[in-house]
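Below is one structure; the comments refer to it alone.
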Amino acid sequence: MTHPLDDILVVSIEQAIAAPLASRHLADWGARVIKIERPEDGDFARHYDTVMDGISSQFVWANRSKESLAIDIKTEFGQETLESLLARADVFIQNLAPGAARRQGLDAKTLSERFPRLVACDISGYGADGPYSQKKAYDLLVQCETGFLSINGTEESPAKCGLSIVDIATGMYALNGILMGLHQRARTGKGMAFEVSLFDAMTEWMSYPAYYTRGAGRPLARTGPRHATIAPYGPFTAGDGGSVFFGIQNEREWQSFCRIVLEDPAMAVDPRFVTNSLRLANRAVLETMITTQFAPLSSEQVIARLDRASIANGRMNDVEGLLNHPQVLERKRYRAVETESGPHDLFLPAITIPGVEPVMRPVPALGEHTARILAELDEKSGAAGHAQGTRS
């Protein structure tokens, strides 16, 4: 089976989540990804937890289908090895500490000048310039700096996102830039240097609350599981105590909701509720009326009515429920992937290409492919003796 990125070689000096996630998405569709790690302890995400039979769940998530090359890039041999790889690479990704890549000549701009066909990506915390350029950045800290916590949580207390939302956003923007760079190279023969920062990625994701705040002259209120600017949109309790989430997106849906779900067409023209702005202003009264109407119904009956009215809805699920979700199981949205601790079922990538099965190769042990990659470089360079001597 061929894959869209079969002919792409990616070299990545990566750790944590953002850069590894970007390169893993490339590996999912055929790219060969060589992950450069410190010989002693490797990517520190390897040690975040040990819940998957001794290995880290976060490392497994972001690192399947890669080859691990354990070298010290500060040594002469490490530099020579990296130079040989860069001469062959199509893509280079790095998320070294602030300023480290530039000091070593491994920033995207420098490398693109030396290797014109290379698509080179710098991932940083706050960008290459500005007053925060030398500041370390991690996911939660950038959630704080970009104001995300101020809009997330309940009225009484802000809350972090339960996912690595900043790292995921950054990794996906890096992936987007890499694919653009490869497309540009296919047209012009010239690669591309670019940068993605955690701060800039999350700033983009915060556009809606930022623009709302600027336009309204006040920030979005924290509303817990409810939508801040649409009503009704959130959780409602049925008569059996079950929680059903649904959202009304427009006036057509509002009328359908009143007629079919509430069986109260008159409510659709109640002057307190005829527009979203009015429903939002009178949300407390509206939610009380809806809950009263739901009291004789089970959560399954409420969901059946919502489906009949074509109103989007969902159950309050948990992560175990996701693992056993019928949509996951019946569509077989997972594959067994080998790791150091044995096979584990991992979710497939979100893209489905008819007739193409994504690559789901093993999660590498630290330095697992070092000898093979070095032998391959020696063979290709025709300098095996010289390289062996350098290593000794």
Original post:
Any idea which of R185, R214, R226, R259 is within 18 Å of M289 (Cβ to Cβ) and outside the structural domain of M289 (by TED's automatic domain parsing)?
Top reply: R226
**OP:** Determine whether segment 93-110 contains at least one residue that is among the hydrophobic types (A, V, I, L, M, F, W, C), at pLDDT 95 or above, farther than 22 Å from A137 by Cβ and in the same structural domain as E37 (by TED's automatic domain parsing).
**Re:** no
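Filter segment 246-276 down to residues that are β-branched (V, I, T) and closer than 18 Å to S310 by Cβ and give me whichever is farthest from the chain's Cα centre (by Cα). Show your work before the answer.
So in segment 246-276, the residues β-branched (V, I, T) come out as 248, 260-261, 269, 274-275.
Retained after the next criterion (residues that are closer than 18 Å to S310 by Cβ): 248, 260-261.
Values: I248: 27, I260: 38, V261: 36 Å.
Filtering segment 246-276 for residues that are β-branched (V, I, T) and closer than 18 Å to S310 by Cβ, the one farthest from the chain's Cα centre (by Cα) comes out as I260.
Condition check: free of Cβ contacts under 8 Å to residues at least 40 places away in the same chain and among the basic types (K, R). Does R272 satisfy that?
Values: free of Cβ contacts under 8 Å to residues at least 40 places away in the same chain: yes; among the basic types (K, R): yes.
It is true that R272 is free of Cβ contacts under 8 Å to residues at least 40 places away in the same chain and among the basic types (K, R).
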Original post:
Only one of these conditions is not met by A309: (1) under 23 Å from R279 (Cα atoms); (2) at pLDDT below 95. Which number is it?
Top reply: (2)
Subject >> Criterion (at positive phi and modelled with pLDDT under 95) met by exactly one of G321, G385, G355, G314 >> reply: G355
Subject >> Cβ pairs under 9 Å, 6+ apart, first in segment 86-100 and more than 17 Å from A193 (Cβ to Cβ), second of a type in the set (A, V, I, L, M, F, W, C) and crowded, with 24+ Cβ neighbours inside 10 Å >> reply: R88/V11
Subject >> Pick from segment 31-56, criterion over 19 Å from the mean Cα position of the chain (by Cα) and of a type in the set (G, A, S), ranking: nearest to E338 (Cα to Cα) >> reply: G54
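Inspect all residues belonging to segment 186-207 and state whether any of them is over 27 Å from L140 (Cα atoms), of a type outside the set (K, R) and within 23 Å of the chain's Cα centre (by Cα). Spell out how you get there, then give the answer.
Of the residues in segment 186-207, the ones over 27 Å from L140 (Cα atoms) are 186-193.
Now restrict to residues that are of a type outside the set (K, R): 186, 188-189, 191-193.
So of that shortlist, the ones also within 23 Å of the chain's Cα centre (by Cα) come out as 192-193.
Yes, the conditions are met somewhere in segment 186-207.
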Subject >> Residue ID - farthest from Y334 (Cα to Cα), chosen from residues in segment 86-104 that are hydrophobic (A, V, I, L, M, F, W, C) and surrounded by fewer than 19 Cβ atoms within 10 Å (Cβ to Cβ) >> reply: A100
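The values are calculated or read from the model by the stated rules, or taken from the named source; none is laboratory data. Since we're looking at a predicted model, the values are computed, not measured. Heads up, the Cβs are rebuilt from the backbone with ideal geometry, glycines too, and the neighbour counts pull from every protein chain shown.
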